Amino acid sequence: MPRTVFNDLYYQHFYADNPVHTAEKIHQLATAVDALCAWWDLPVRTVLDIGAGPGIWRDWYHAHRPDVEVQSIDISEHACTAFGHEQKDITAWHPKKSVDLVICHSVLQYLSNAGAAAAIKNISLACHGVLYVEAPTAQDLESVVDPTATDLNIYRRTGAWYRKLLLINFQQIGAGLWLSRSAVVPLYELESASK
């Protein structure tokens with residue numbers, strides 16, 4: 001099955017030459033996620049950025065919320081060296097202390113079924129607040145994803161496959177956001193996509 005090498009060529013192709021998400025778009029997303037956490041009175045003091053790549057999320061927090069402690073990790077030796085992350089494999093590791101916000105942006109689709117399941121379990125152990133997750137599904141590959149700017153060397157799974165695993169420990173609240181079932185947040189019924 002797929003095994004992408006996350007080296008300099010990968011980052012040049014997918015982040016510099018023709019990015020699927022520009023740094024500006026990620027900054028807009030980070031602003032929105034942080035603002036929604038504030039809206040729900042979920043303080044973001046600690047962040048775990050999984051598969052941090054070029055470190056755009058981390059850099060946004062450093063620039064806009066310097067009081068927030070951000071741990072950025074990546075499996076890629078190149079990404080860790082070039083962008084200053086800790087080299088960790090989320091399929092086999094989780095932090096000793098849970099964090100307020102976990103970011104898992106474009107990671108799960110690169111993992112085998114067993115790897116993605118292990119990663120989601122470790123993410124649930126890492127997160128006591130909000131999880132932001134983006135992983136293109138089989139349906140997305142047909143109707144949403146730009147194939148000229150996206151690495152298609154990934155595992156194609158349904159949204160239902162991911163939801164089944166995520167719903168064990170999280171409540172879907174929309175826009176890629178999932179609330180840890182250990183968090184006590186009074187959401188309006190229509191703010192939540194699941195119970």
query: residue 160 fails exactly one of the following numbered conditions: (1) at pLDDT 95 or above; (2) under 15 Å from the mean Cα position of the chain (by Cα). What is the number of that condition?
result: (2)
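Is at least one residue of region 146-163 among the basic types (Lys, Arg), closer than 29 Å to residue 12 by Cα and not in a helix (DSSP H, G or I)? Show your work before the answer.
Here is the first cut: in region 146-163, the ones among the basic types (Lys, Arg) are 156-157, 163.
With the extra rule that they be closer than 29 Å to residue 12 by Cα, the set shrinks to 156-157.
With the extra rule that they be not in a helix (DSSP H, G or I), the set shrinks to 156-157.
Among the residues of region 146-163, at least one is among the basic types (Lys, Arg), closer than 29 Å to residue 12 by Cα and not in a helix (DSSP H, G or I), which makes the answer yes.
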- request: Could you grab me the full set of residues in region 45-95 that are assigned to a strand (DSSP E or B) and aliphatic (A, V, I, L, M)?
  value: 47, 48, 50, 70, 73
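I'd like the full set of residues that are part of a helix (DSSP H, G or I), touching a helix residue (DSSP H, G or I) at 6+ places or on another chain (Cβ under 9 Å) and farther than 28 Å from residue 8 by Cβ, limited to region 96-121.
113, 117, 120, 121
Of the residues 4, 31, which is part of a helix (DSSP H, G or I), surrounded by fewer than 20 Cβ atoms within 10 Å (Cβ to Cβ) and of a type in the set (Val, Ile, Thr)? Talk me through it step by step, then tell me what you get.
On the way: 4 fails: part of a helix (DSSP H, G or I).
Among 4, 31, only 31 is part of a helix (DSSP H, G or I), surrounded by fewer than 20 Cβ atoms within 10 Å (Cβ to Cβ) and of a type in the set (Val, Ile, Thr).
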- request: Give the residues of region 95-114 that are more than 19 Å from residue 169 (Cα to Cα) and of a type in the set (Ser, Thr, Tyr), sorted by residue number.
  value: 106, 110, 112
- prompt: What number of residues in region 41-63 are buried (at least 17 other Cβ atoms within 10 Å of the Cβ) and on the phi < 0 side of the Ramachandran plot?
  reply: 15
query: Looking only at region 141-178, which residues are closer than 15 Å to residue 106 by Cβ and out of contact with any helix residue (DSSP H, G or I) (no Cβ under 9 Å at 6 or more places or on another chain)?
result: 141, 144, 145, 146
task: Name the one entry in 124, 106 that is under 30 Å from residue 41 (Cα atoms), crowded, with 18+ Cβ neighbours inside 10 Å and at pLDDT below 95.
output: 106
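Within region 183-195, can one find any residue that is in contact with a Ser or Thr (Cβ under 9 Å, 6 or more places away or on another chain) and either assigned to a loop (DSSP other than H, G, I, E, B) or free of Cβ contacts under 8 Å to residues at least 12 places away in the same chain (or both)?
Step one: filter region 183-195 for residues in contact with a Ser or Thr (Cβ under 9 Å, 6 or more places away or on another chain), giving none.
Checked region 183-195: no residue is in contact with a Ser or Thr (Cβ under 9 Å, 6 or more places away or on another chain) and either assigned to a loop (DSSP other than H, G, I, E, B) or free of Cβ contacts under 8 Å to residues at least 12 places away in the same chain (or both).
Taking region 164-182 as the region of interest, how many residues are assigned to a strand (DSSP E or B) and surrounded by fewer than 17 Cβ atoms within 10 Å (Cβ to Cβ)?
Step one: filter region 164-182 for residues assigned to a strand (DSSP E or B), giving 170-174, 177-180.
Keeping just the survivors that are surrounded by fewer than 17 Cβ atoms within 10 Å (Cβ to Cβ) gives 174.
Going through region 164-182 one residue at a time, the tally reaches 1.
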task: Return the residue satisfying two criteria in turn: it lies in region 82-109 and is of a type in the set (Val, Ile, Thr) and in contact with a strand residue (DSSP E or B) (Cβ under 9 Å, 6 or more places away or on another chain), and of such residues it is farthest from residue 34 (Cα to Cα).
output: 90
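Results for (1) out of contact with any Leu (no Cβ under 7 Å at 6 or more places or on another chain); (2) closer than 23 Å to residue 102 by Cα, shown as yes or no for each residue.
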| position | (1), (2) |
| --- | --- |
| 153 | yes, no |
| 159 | yes, yes |
| 166 | yes, yes |
| 169 | yes, yes |
| 178 | no, yes |
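The values are calculated or read from the model by the stated rules, or taken from the named source; none is laboratory data. Just so it is clear, the structure is predicted and the values come from calculations on it, not from any experiment. Reconstructed Cβ throughout: ideal geometry from the backbone, glycine too, with neighbour counts over all protein chains shown.
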